[in-house]
Protein chains: 2
Amino acid sequence: MARWDPNPRLRLVRAAIDLFAEQGYDDTTVAQIAARAGLSKATFFRHFPDKREVLFAGQEAHSTLLAEGATAAPPDATPLEAVAAALDHATASFTDEQRGFGPRLRAVVAAHDELREREAFKRAGLAAALAAALRDRGVPDTTARLAADLGVEAFHLGYTRWTDVDADDDAATYPALARRALDELRAAAAALH
Amino acid sequence: MARWDPNPRLRLVRAAIDLFAEQGYDDTTVAQIAARAGLSKATFFRHFPDKREVLFAGQEAHSTLLAEGATAAPPDATPLEAVAAALDHATASFTDEQRGFGPRLRAVVAAHDELREREAFKRAGLAAALAAALRDRGVPDTTARLAADLGVEAFHLGYTRWTDVDADDDAATYPALARRALDELRAAAAALH
DNA sequence: TACGGTGATGAGACAGAGTCTCATCGAGCT
DNA sequence: AGCTCGATGAGACTCTGTCTCATCACCGTA
């Protein structure tokens, strides 16, 4: 696993998750991550803008998928139906390896403000992208933002349940769990006023 | 304005906002901020855990105020009425100096991901505190989170309008603007399903 | 007035994050 | 073999953030 092997990015991600689980996030330096991946510190920063980002890479792709899904929904779909379509589209691409990383990822992030901060930011990015897609469908701004917030909350709630090892129902796919979460949120929102 | 003068914290905040406006956030070092406040770098980090935080200090106080306001609402108040009470309580304490900082603050934050990230995190903290207060009133978890999200969104929307120099209607107080924003959000949420 | 205790500050060393420049390497093309 | 181009490594550098220790102002007390 050295210098000129393929997939340097993925090697860095795996090395980082392993080291964070072994010795903690704070006690792991970027140089150590790079070394385990057979690379140098400089190369790490060519692939990721900072140390936190190695755990959140690919979130931009999720933004794109959510927006695509919402845009591709039938023209007469309601805002929340478009959000459901966005969830279907975005959750379909997740892999088993991503599911496997889930528990370790959540444990590390939960333990460090630095990482929870990045998570909150990424989440805001997802909501903004989804809201923009809804606005392009003609949904008014405030409605679009609220619907997008529900969608992103369902996206995360579904992810949490999908990667929860204590409740590993193999029939529960990520798309199905996200849909169910959205239904719950919709019901709660309807009961709000 | 040197070493043993009073209010070192506030002096640091003012120095930071001034320098960020003058030379930009990236080109301002912590040492420079401390020097302008007549203090040393070490003392800056005694008052703020990191460079970003000098712009967001006091957000914990807002969390407390929001929670207090929600808790103090009449027992028979609906979740959204409790949120309105929380906004009344939290927005009442803002000063004219805070209003004056608003435009510069928003401009600096908007220009740097690093700061927008911290803002998103603080926002999540406010929402969590408000949601916890609502849960303590007996509001179900999901409902509490949604209502809290609306409240925090109204809190920020109201702040933006209150500190918008282009629309400085002196009769528009922060509490009134926050209330109005909450009403708009409530209407949009009701129209969602 | 002198003295001692306490908390805030400064000075400076230090490790790690993140940036930058330049040399080197491998792959593909001619 | 020689050339080009993109990816990498090496290493210097600045700044953030931490830590230790000495110093200073203030306050109470003798």
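The values are calculated or read from the model by the stated rules, or taken from the named source; none is laboratory data. Predicted, not measured: the structure shown is a model, and the values here were computed from it. We place every Cβ from the backbone using ideal geometry, glycine too, and count neighbours over all the protein chains shown. These area figures cover heavy atoms from the full protein model, side chains too; ligands, DNA and RNA do not enter into them. Shrake-Rupley method; radii C 1.70, N 1.55, O 1.52, S 1.80 Å.
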Residues of segment A:28-46 being near DNA strand D (Cβ under 7 Å from one of its atoms), part of a helix (DSSP H, G or I) and in contact (Cβ under 8 Å) with a residue 24 or more places away in the chain, in sequence order, are A:Thr43
Going by the conditions given, is B:His47 closer than 24 Å to A:Glu114 by Cβ, not assigned by TED's automatic domain parsing to the domain that holds B:Asp136 and not charged (D, E, K, R)? yes
Could you list, in sequence order, the residues of segment B:144-193 that are in a loop (DSSP other than H, G, I, E, B) and more than 8 Å from chain A (Cβ to nearest Cβ)? B:Thr163, B:Asp164, B:Asp168, B:Asp169, B:Asp170, B:Ala171, B:Ala172, B:Thr173
Criterion first (within 16 Å of DNA strand D (Cβ to nearest atom) and among the hydroxyl-bearing types (Ser, Thr, Tyr)) does A:Thr91 satisfy it? no
Quick one: which of A:Leu80, A:Leu126 is assigned to a helix (DSSP H, G or I), away from DNA strand D (no atom under 16 Å from the Cβ) and over 12 Å from the mean Cα position of the chain (by Cα)? A:Leu80
Every pair of residues 6+ apart whose Cβ atoms lie under 7 Å, when the first sits in segment B:1-25 and is without any contact (Cβ under 8 Å) to a residue 24 or more places away in the chain while the second is of a type outside the set (S, T, N, Q) and in a helix (DSSP H, G or I): B:Ala15/B:Ile33; B:Ala15/B:Arg36; B:Leu19/B:Ile33; B:Leu19/B:Arg36
Within the group A:Val83, A:Val54, A:Val108, which residue is buried (at least 20 other Cβ atoms within 10 Å of the Cβ), in contact (Cβ under 8 Å) with a residue 40 or more places away in the chain and touching a Gly at 6+ places or on another chain (Cβ under 9 Å)? A:Val83
Restricted to segment B:12-37, and to residues that are within 14 Å of DNA strand C (Cβ to nearest atom) and touching a Lys or Arg at 6+ places or on another chain (Cβ under 7 Å), which residue is farthest from B:Ala111 (Cα to Cα)? B:Ala37
Checked segment A:41-77 for anything more than 18 Å from the chain's Cα centre (by Cα) and within 16 Å of DNA strand C (Cβ to nearest atom); matches are A:Lys41, A:Ala42, A:Thr43, A:Phe44, A:Phe45, A:Arg46, A:His47
Segment B:132-143 - residue that is touching a residue at least 40 places away in the same chain (Cβ under 8 Å) and assigned to a loop (DSSP other than H, G, I, E, B) and, of those, most open to solvent (accessible area, probe 1.4 Å): B:Arg137
Members of segment B:109-137 that are over 23 Å from A:Asp113 (Cα atoms) and away from chain A (no Cβ under 14 Å): B:Asp136, B:Arg137
Given the options A:Arg186, A:Arg161, name the one that is more than 25 Å from A:Ala61 (Cβ to Cβ) and surrounded by 15 or more Cβ atoms within 10 Å (Cβ to Cβ). A:Arg186
Please work out which residue is most open to solvent (accessible area, probe 1.4 Å), limiting yourself to segment A:57-71 and to residues that are more than 16 Å from DNA strand D (Cβ to nearest atom) and modelled with pLDDT under 95. A:Glu60
Restricting to segment B:89-98, what's the tally of residues that are buried (at least 16 other Cβ atoms within 10 Å of the Cβ) and outside any loop (DSSP other than H, G, I, E, B)? 3
Subset of segment A:11-27, residues away from DNA strand D (no atom under 11 Å from the Cβ), assigned to a helix (DSSP H, G or I) and out of contact with any helix residue (DSSP H, G or I) (no Cβ under 8 Å at 6 or more places or on another chain), comes to A:Arg14, A:Glu22, A:Gln23
Scan segment A:90-99 and tell me whether some residue there is within 13 Å of another protein chain (Cβ to nearest Cβ) and touching a helix residue (DSSP H, G or I) at 6+ places or on another chain (Cβ under 9 Å). no
